[in-house]
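Down below is the structure, laid out as structure tokens.
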Amino acid sequence: MRNTIVTLLCCTTLFCGQLSAQEPSTQAISEPRMDWFREAKFGMFIHWGVYSMAAGEWNGDTNHAEWLQLTAKIPLAQYTQYAKDFNPQRFDADQWVEIAKDAGMQYLVITSKHHDGFAMYDSASSDHNVVDGTDFKRDPLKELADACAKHGIRFCVYYSLGRDWEDPDTPTGRGEKKGFRSNLIDFPNEDEKVFSRYFERKVKPQVRELLTGYGPIGIFWFDTYGLISKEESLELKQMIRTLQPKCIINERIGHKLGDYKVSEQEIPADGSYDPWESCMTMNDHWSYNRVDDNWKSTEKLLQNLIDIVSKGGNFLLNIGPTGEGEIPEPSQQRLAAIGQWLEINGEAVYGCGPSPFGKKAEGRKKSKGGKKEVKTWKWRATTKPGHVFVHVFKWPSDGLTLPTLSEKIASVSILGSDADPLEFEQTADDVKITLPESAPDEMVSVVRIKLESAKP
Ligand code: H79
């Protein structure tokens with residue numbers, strides 16, 4: 001990943017032309033539009049569309065999700081007909097946003113158009129949308145944008161860029177992969193497809209609609225940029241910068257033109273790129289799947305959040321509401337529990353910097369193949385000026401031993417019970433902290449290390 005990072009930073013440098021080759025990393029780091037994103041740490045991803053109605057099931061097969069149209073081989077006319085039944089009477093934008101807020105999430109990213117090409121908002125440039133094409137006739141994105149503004153959550157949109165199974169001009173893949181993610185049922189001739197026609201007809205008008213009709217967009221979260229040209233990615237970027245200069249763009253706008261790096265369904269072994277975000281499902285599907293009960297535990301989700309923050313990243317955690325508009329109960333329970341934990345321990349998450357200790361101390365190492373990480377889940381650390389927070393996953397019976405810190409420690413306590421200082425011993429080799437016999441929090445307890453440089 002280091003190579004990717006270096007390449008990405010160099011390209012940013014070249015593109016912007018403001019930095020010399022000797023100082024490649026400061027460009028990304030000092031960009032003010034990224035400030036809130038770096039502080040935020042935790043966001044809600046929402047996969048919701050016409051496909052949610054099927055709850056993963058089509059003709060007896062139960063492994064479908066947001067790719068339903070393609071994986072169930074549904075012709076466009078049938079999918080369009082099916083879409084009419086979309087009428088989520090239990091959808092309540094305020095409730096969704098309150099759930100995100102109570103979970104301690106700071107931003108919300110919703111599918112404005114997934115690969116099916118069906119806009120989940122009132123799009124003037126394509127009738128294949130939720131207002132014109134369903135019985136619902138409401139604009140859920142408008143309602144969510146308003147609810148977000150009301151509750152102080154940043155409203156962000158996901159947009160499938162290189163795939164669109166409604167548009168006849170979206171070629172995918174090259175060589176052996178030619179057509180691999182295309183709608184070949186309705187548009188079988190890949191050679192006839194001209195990406196720029198789709199780009200002019202649908203992408204540009206829709207991106208403009210989203211940037212002009214929904215208030216401030218926190219992040220334009222593109223997915224699968226596919227065969228877009230560099231000029232087109234650049235044009236899109238310039239449009240966003242012109243219409244909403246503060247809007248952040250993820251790297252999937254293509255051609256290394258985004259503001260930050262995304263990792264999907266994994267936490268990279270080396271999260272040293274700044275800034276970055278890891279998006280992840282709570283079970284094994286992005287959109288609602290009725291039979292998928294493989295939920296990660298609250299503890300695991302919390303550990304993932306902390307692992308990510310200790311590497312300087314953000315956690316974009318997904319929910320897949322039902323076709324009726326309800327957030328599945330297991331998701332709600334987990335979000336509420338994470339929110340309760342953050343109520344007490346948020347100080348060690350929001351606005352924090354990465355661990356000062358490095359991966360060896362934390363028992364992390366790369367797998368033989370290189371990319372994946374073998375982790376031991378004993379503890380992780382985050383930082384703030386004058387502070388180190390140690391998030392203890394596995395409560396040690398004989399106290400906590402950490403690698404030494406260059407700065408002198410002033411005091412140590414458990415977050416939430418700062419009136420009871422813990423004993424500690426700091427030497428040139430290590431730091432030994434005496435802990436209470438049992439963990440104060442059954443999931444993760446946070447040890448606050450106050451350094452002498454901390455403001456009183
Ligand atoms: O929106 C989510 C995915 O639908 C989208 N990105 C996230 C955020 C995505 N598009 N492509 N991919 C992810 C990569 C390919 C995933 C696949 Fe599969 C897994 C292709 C085959 C296995 C799941 C099952 C999706 C299609 C069949």
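The values are calculated or read from the model by the stated rules, or taken from the named source; none is laboratory data. Keep in mind that what you see is a predicted model, and the values were worked out from it rather than measured. Positions of Cβ are backbone-derived with ideal geometry, glycine not excepted, and every protein chain shown enters the neighbour counts. Heavy atoms of the whole protein, side chains included, go into the accessibility calculation; ligands, DNA and RNA do not. Shrake-Rupley method; radii C 1.70, N 1.55, O 1.52, S 1.80 Å.
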Could you order 178, 311, 73 so the one with the most accessible surface comes first? Probe is 1.4 Å.
-> 73, 178, 311
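Which whole-number percent is the relative contact order of the chain (Cα, under 8 Å, 6+ apart)?
It rounds to 15 percent for the chain.
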Could you size up the charge dipole of the chain around its Cα centre, putting +1 on the beta carbon of Lys and Arg and -1 on that of Asp and Glu, and report it in debye to the nearest 20?
-> 1380
What net charge is computed for the residues neighbouring residue 33, neighbours being all others with C-beta under 13 Å from the C-beta of residue 33, Lys and Arg scored +1, Asp and Glu -1?
-> +1
Is the shape of the stretch 146-259 rounded, prolate or oblate, going by the alpha carbon gyration tensor and its root eigenvalues a ≥ b ≥ c, with a/c under 1.5 for rounded and a/b larger than b/c for prolate?
-> prolate
Taking the Cα centre of the stretch 77-232 as origin and charging only Cβ (+1 Lys, Arg; -1 Asp, Glu), how large is the dipole, in debye to the nearest 20?
-> 380
Rounded to the nearest Å, what's the spacing between the alpha carbon centres of the stretch 189-251 and the stretch 39-85? Just the number, please.
-> 22
Take the Cα atoms of the stretch 26-348, find their three principal axes, and give me the spread along each one in whole Å, biggest first.
-> 56, 46, 38
For 67, 36, 276, the accessible-area ranking with a 1.4 Å probe, largest leading, is 67, 36, 276
Can you tell me the order of 429-435, 223-229 when each peptide is scored by its average per-residue count of other Cβ atoms within 10 angstrom, highest first?
-> 223-229, 429-435
Quick one: what are the phi-derived ³J(HN,Hα) couplings along the stretch 412-427, Karplus 6.51/-1.76/1.60 with θ = phi - 60°, whole Hz, x for glycine and proline?
-> 9, 8, 8, 4, x, 10, 5, 6, 10, x, 9, 6, 8, 9, 10, 10
With the other protein chains left in place, how much accessible area per residue, in square angstrom, belongs to the chain at a 1.4 angstrom probe?
-> 43
Enter the accessible area of residue 256 (Å², nearest 10), with the probe set to 1.4 Å and all protein chains included.
-> 90
Gyration tensor on Cα atoms of the stretch 135-175, a ≥ b ≥ c root eigenvalues, a/c under 1.5 rounded, else prolate if a/b beats b/c, else oblate, says oblate
Share of the stretch 26-348's accessible area from carbon and sulfur, percent, 1.4 Å?
-> 47
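Just reorder 295, 341 by solvent-accessible area, largest first, 1.4 Å probe, all chains present. Mind showing how you got there, number by number?
Numbers: 295 55, 341 5 Å².
Final ranking, largest accessible area leading: 295, 341.
How high is the relative contact order of the stretch 220-270, in percent, with contacts defined as C-alpha pairs under 8 Å that are six or more residues apart? Provide the component values of the computation, followed by the final result.
On the way: 51 pairs, mean separation 19.5, N = 51.
Relative CO of the stretch 220-270 lands at 38 percent.
So which GluC sites (Glu not before Pro) in the stretch 374-456 end up in coil per DSSP with only 14 or fewer other C-beta atoms within 10 Å? The partial results should precede the final answer.
Working: sites: 407, 423, 425, 437, 442, 452; in loops: 407, 423, 437, 442, 452.
Here the GluC sites (Glu not before Pro) that fit, given the DSSP loop and packing criteria, are 423, 437, 442, 452.
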